[in-house]
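The values are calculated or read from the model by the stated rules, or taken from the named source; none is laboratory data. On a predicted model such as this, the values are computed, not experimentally measured, just so you know. Cβ placement follows ideal geometry from the backbone for every residue including glycine, while neighbour counts extend to all protein chains displayed. Just the protein is used for accessible areas: all its heavy atoms, side chains included, with ligands, DNA and RNA removed. Shrake-Rupley method; radii C 1.70, N 1.55, O 1.52, S 1.80 Å.
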Amino acid sequence: MITTSRPSRRFLAALAVTATVALTACSAPGADESTTSDQAAGDVSTELTDKDVTLNLYLETGFPIVEELSKEFTRQNPNITFKIRSDQFAALTENAPRVMASDDAPDLIRLPTIADSASDGLLLNLDPYYEAYGWDQFPASQLEQMRVDDEGSRGSGSLYALGVGYSVTGVYYNKEIAAEIGMDEPPTTIDELEDDMAAAKAAGEQPIMQFNDIGGAAFPFQALLNQYSDPADVSDWIFQKPGATIDTDAAVEAATHLADWADKGYFTDDVNSLDYTNMVGRFAKGEGLFMFDGDWESANLDKSMGDKVGFFLMPTEEEGGEPVAMGAPNTYVVPAKAAHPDEIAYFLNWLHTDEKARQIIVDDSGAAPGGPASLPVPEVPETSLTHQTLAAAATIGESGVLTDFVANATSGIYADGIRPELQSLLDGRISPEDAVKGIQDEYESELGS
Amino acid sequence: MTLTHQEAGRTPERPASAPRARRGRRSRRRWAHLVYVAPALLMYGFFVLKPLVTSVQYSLYDWNGIGPATWVGLDNYRRVLTDPDQLSIVGHAFELIIFFTAVPVFLGLVAAALMHGLPQGSFSTVARTVLFIPQVIPLVAAGIVWDWVYSSDGIANQLLSAVGLGGVTRPWLADFSAALPAVGLIGSWVMLGLCTLLLLTGINKIDPSLYEAARIDGANRFREFVHITLPGLRREIGVCVTVTMIAALASFDIIYISTQGGPGRSTMVPGVEIYRLAFTQREIGQASAMAVILMVLVLVTIVPIQRLTQRSDA
């Protein structure tokens, strides 16, 4: 028995060793540095083909807006049809780089973080289309977040994505609780906001309904940070400008307010395990005076709460200050390997400028449609919540500042920096100084590696 | 063992032949074995050995999975082994062993010993089924259900309030000190059925005359358990401990679904961290290094247990 078993064991070992040698002898994994994706500039067409073309889209499950738009597009241009594949957000963002690198890359992908993929040469540079279609008529701030420069910093450089709906965040409030505590008007300063929270707490109501199982306290945190610091500094940090830091007095002040709210019981006791869906569900059922969230929820809350809900932009520190909101386009990119770049660029231009398309975006997502500043914003009923969120977006567009989400700064900052630090902060385990420093440390370790 | 047995069985069919010819046949048969195992071996090589080797290779590079990779030698390992955050993650995995291994093996022994004495019938069938069901439920579904059980107004808190323990109720998975034990208990619940069933079959293999002899000698049920059942189950206990320890050290699904490693980093385990490094942060090199370290850890803990419990002189 021993003699028979030995050769196979030896054989196995030999196999393993051979495999190891064969594989480690191979070159380093990954693409060669020489691969480039730059295409000849100016070599683009703004005429839609009259041939039959099928465009492949890779979208996010639960957000059917692009699908709705594609149906309308086919109605207007019957020779263009769409093939759509959808995945949950997490799966989508994790698969996207490999899907784009493959030979049958789709023509359009929903992709929230674009800097890494742009640096890896996976994304089509949209600058030629920007020139050809005259996207310089769009407000510059609308496209800023979707530019990536040669060093991989966002905020300037070439255009690599476009938005389908441009979202803005703020605070939803329950009008019934507001009436109960004598809050007749939305607060105009942070002090007033905190007074309302205190009044709600005293009246036995939940002041804030906020999810933080994956770091949703970043909404109120950044809402405060935007007011206390120069928004340009926040943007620099998000865009990975050299030397940018979030370890500032303003961020400590924002974190201090957040910790104070937690200490006073303004958040639910299960805030650190409360997920997004449950947060919206409980708020819609009437639990919680305030909820820090974005305009994408407005159509939904309109249906579930009717006239019992309102929306306001995060109040400023001093009355009459310049409003600052965080918001971001729902970004869509064209892979460098896309088979039909001209057609998909036509589609992207169409959904920013066609009247019907813009109406679909507003009705379905509650977000502003973007596009040239000269085009009118589609009409919505004046009593609706979406009307309020669109008005807020217009205020920001005309006289305010929009910053991207701090969670978009690096691919891991939300899960490995913001989430654990803010969870610990709300639990009273770490000081505001440590929380802010912890986020900065994670940021540096990610950028450094 | 099986082989010698077969040889012996076949000898009569083959009348005495020259020793030389026999050896020739033997060696031919030896290679014939390889033909039979070749398909499995190829699959094993392709799906187990190759990924293993590539992981080791990746762990020596700084690579985001798409772009060019840079050789960094052992830097990835150094980072994992010197970062206190990463080390605490490994610590959590070992804490989980209490819940994945100690609790289910102990309770499994008790349950098996109690059920052993029961007459075959509907009660013992129901008991076995109830204990084994968690093994059949996908861990993702289990994670979601336990998420509800542990929520502020979930069953766990309702039960505690009902028996007058309203003071200890809390949102279990949101609580820094309670989250890891809470998640661990999900593991205990899953593993208990497997352990009980394994141990129960083990008990049924123990020679009944030993129990009879013990009873004649005046041993009570506890003494029977300590002196007959436990030693007789040594191998089965070894299997239980091995399987559950690997489940504890390599745990992923339960944690990923219920807490994602939170609150803070209080329930982060190597499995989730590897996934996060590879797919969220796109640090393929560091993720691979962590995976290799995890594999070594599993081997280091499992091999002594195997040696201890599977000795052939038992």
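Report the residue count in segment A:394-407 for those that are in a helix (DSSP H, G or I), open to solvent by 40 Å² or more (accessible area, probe 1.4 Å) and in contact (Cβ under 8 Å) with a residue 60 or more places away in the chain. The qualifying residues number 3.
Here A:E382 meets the list (1) within 19 Å of the chain's Cα centre (by Cα); (2) more than 14 Å from every other protein chain (Cβ to nearest Cβ); (3) not in a helix (DSSP H, G or I) almost entirely, failing just condition (1). Cβ-Cβ distances below 7 Å connect the following pairs, each with a first residue in segment B:167-178 that is at the interface with chain A (Cβ under 10 Å from one of its Cβ atoms), a second residue that is part of a loop (DSSP other than H, G, I, E, B) and open to solvent by 50 Å² or more (accessible area, probe 1.4 Å), and a separation of six or more residues or different chains: B:P171/A:D269; B:F176/A:D427; B:F176/A:R429.
Contact annotation: residue pairs with Cβ atoms under 6 Å, 6 or more positions apart or on different chains, pairing a residue in segment A:108-128 that is over 14 Å from A:E60 (Cα atoms) and open to solvent by 10 Å² or more (accessible area, probe 1.4 Å) with a partner that is assigned to a strand (DSSP E or B) and modelled with pLDDT under 90, are A:A115/A:R154. Taken as a whole, the structure leaves A:T35 outside the set of residues that are surrounded by fewer than 17 Cβ atoms within 10 Å (Cβ to Cβ), modelled with pLDDT of 85 or more and either over 30 Å from the mean Cα position of the chain (by Cα) or not assigned by TED's automatic domain parsing to the domain that holds A:Y130 (or both). A search for C-beta distances below 6 Å between a residue of segment A:53-67 that is assigned by TED's automatic domain parsing to the domain that holds A:P335 and within 13 Å of A:W296 (Cβ to Cβ) and any residue that is among the basic types (K, R) and open to solvent by less than 70 Å² (accessible area, probe 1.4 Å), counting only pairs 6+ apart in sequence or on different chains, returns A:E60/A:R110. Residues that are within 27 Å of A:A198 (Cβ to Cβ), touching a residue at least 40 places away in the same chain (Cβ under 8 Å) and small (G, A, S) within segment A:151-184 comprise A:G170, A:A178, listed in sequence order. Look at (1) open to solvent by 10 Å² or more (accessible area, probe 1.4 Å); (2) in contact with a strand residue (DSSP E or B) (Cβ under 9 Å, 6 or more places away or on another chain); (3) over 30 Å from A:I439 (Cα atoms) and you find that A:T389 fails only one, number (1). Only one of the listed residues (B:I203, B:I293) is β-branched (V, I, T), part of a helix (DSSP H, G or I) and in contact with a His (Cβ under 8 Å, 6 or more places away or on another chain). That residue is B:I203.
One line per residue, one yes/no per condition, for (1) of a type in the set (V, I, T); (2) under 19 Å from the mean Cα position of the chain (by Cα); (3) under 28 Å from A:Q227 (Cβ atoms); (4) more than 14 Å from chain B (Cβ to nearest Cβ):
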position: A:A339; (1), (2), (3), (4): no, no, no, yes
position: A:L348; (1), (2), (3), (4): no, yes, no, yes
position: A:G438; (1), (2), (3), (4): no, no, yes, no
position: A:D441; (1), (2), (3), (4): no, no, yes, no
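Could you check how many residues of segment A:71-101 are surrounded by fewer than 16 Cβ atoms within 10 Å (Cβ to Cβ) and modelled with pLDDT of 90 or more? Talk me through it step by step, then tell me what you get.
As a first pass, look at segment A:71-101 and keep what is surrounded by fewer than 16 Cβ atoms within 10 Å (Cβ to Cβ): A:71, A:74-76, A:78-79, A:81, A:83-85, A:88-91, A:95, A:98.
So of that shortlist, the ones also modelled with pLDDT of 90 or more come out as A:71, A:74-76, A:78-79, A:81, A:83-85.
Number satisfying all stated conditions: 10.
When we screen A:G412, A:G370 for residues that are in contact (Cβ under 8 Å) with a residue 12 or more places away in the chain and either within 14 Å of another protein chain (Cβ to nearest Cβ) or surrounded by fewer than 24 Cβ atoms within 10 Å (Cβ to Cβ) (or both), the only hit is A:G412. Does segment B:73-96 hold any residues that are within 12 Å of chain A (Cβ to nearest Cβ), open to solvent by 30 Å² or more (accessible area, probe 1.4 Å) and closer than 28 Å to B:T242 by Cβ, and which are they? Residue satisfying the conditions is B:S88 alone. When A:G155, A:G163, A:G215, A:G182 are checked against the criterion of being within 19 Å of A:P432 (Cα to Cα) and modelled with pLDDT under 95, a single residue qualifies: A:G215.
Identify all residues within segment A:205-245 that are open to solvent by 10 Å² or more (accessible area, probe 1.4 Å), assigned to a helix (DSSP H, G or I), over 25 Å from B:R276 (Cβ atoms) and in contact with an Asp or Glu (Cβ under 8 Å, 6 or more places away or on another chain); write none if there are none. Those that are open to solvent by 10 Å² or more (accessible area, probe 1.4 Å), assigned to a helix (DSSP H, G or I), over 25 Å from B:R276 (Cβ atoms) and in contact with an Asp or Glu (Cβ under 8 Å, 6 or more places away or on another chain): A:Q227, A:Y228, A:S235.
Just one of the listed residues (A:N330, A:N278) is modelled with pLDDT under 95 and crowded, with 21+ Cβ neighbours inside 10 Å, namely A:N330. Within the group A:S229, A:S235, which residue is of a type in the set (S, T, N, Q), more than 24 Å from A:M209 (Cβ to Cβ) and in contact with a strand residue (DSSP E or B) (Cβ under 9 Å, 6 or more places away or on another chain)? Among A:S229, A:S235, only A:S235 is of a type in the set (S, T, N, Q), more than 24 Å from A:M209 (Cβ to Cβ) and in contact with a strand residue (DSSP E or B) (Cβ under 9 Å, 6 or more places away or on another chain). All of A:D260, A:D149 fail the test of being more than 24 Å from A:L385 (Cα to Cα), open to solvent by 50 Å² or more (accessible area, probe 1.4 Å) and not polar (S, T, N, Q), apart from A:D260. The helices (runs of 4 or more DSSP H) located wholly in segment A:66-168 that include 1 or more residues which are over 23 Å from A:P369 (Cα atoms) occupy A:89-101, A:115-119.
Here A:D195 meets each of (1) in a strand (DSSP E or B); (2) surrounded by fewer than 20 Cβ atoms within 10 Å (Cβ to Cβ); (3) not aromatic (F, W, Y) with one exception, condition (1). Pairs meeting the criteria (first residue in segment A:348-359 and closer than 16 Å to A:A132 by Cβ, second residue outside any helix (DSSP H, G or I), beta carbons under 7 Å, at least 6 apart or on different chains) are A:L348/A:L162; A:H352/A:P369; A:H352/A:G370; A:H352/A:G371; A:T353/A:G371; A:T353/A:P372; A:T353/A:L375.
Considering only segment B:42-72, state which residues are of a type in the set (A, V, I, L, M) and within 7 Å of chain A (Cβ to nearest Cβ).
Of segment B:42-72, the ones of a type in the set (A, V, I, L, M) are B:42-43, B:48-49, B:52-53, B:56, B:60, B:66, B:69, B:72.
B:L49, B:V53, B:I66, B:A69 - these are the residues of segment B:42-72 that are of a type in the set (A, V, I, L, M) and within 7 Å of chain A (Cβ to nearest Cβ).
Being among the aromatic types (F, W, Y), within 18 Å of B:V183 (Cα to Cα) and open to solvent by less than 50 Å² (accessible area, probe 1.4 Å) is the requirement here; does B:F100 meet it? It is true that B:F100 is among the aromatic types (F, W, Y), within 18 Å of B:V183 (Cα to Cα) and open to solvent by less than 50 Å² (accessible area, probe 1.4 Å).
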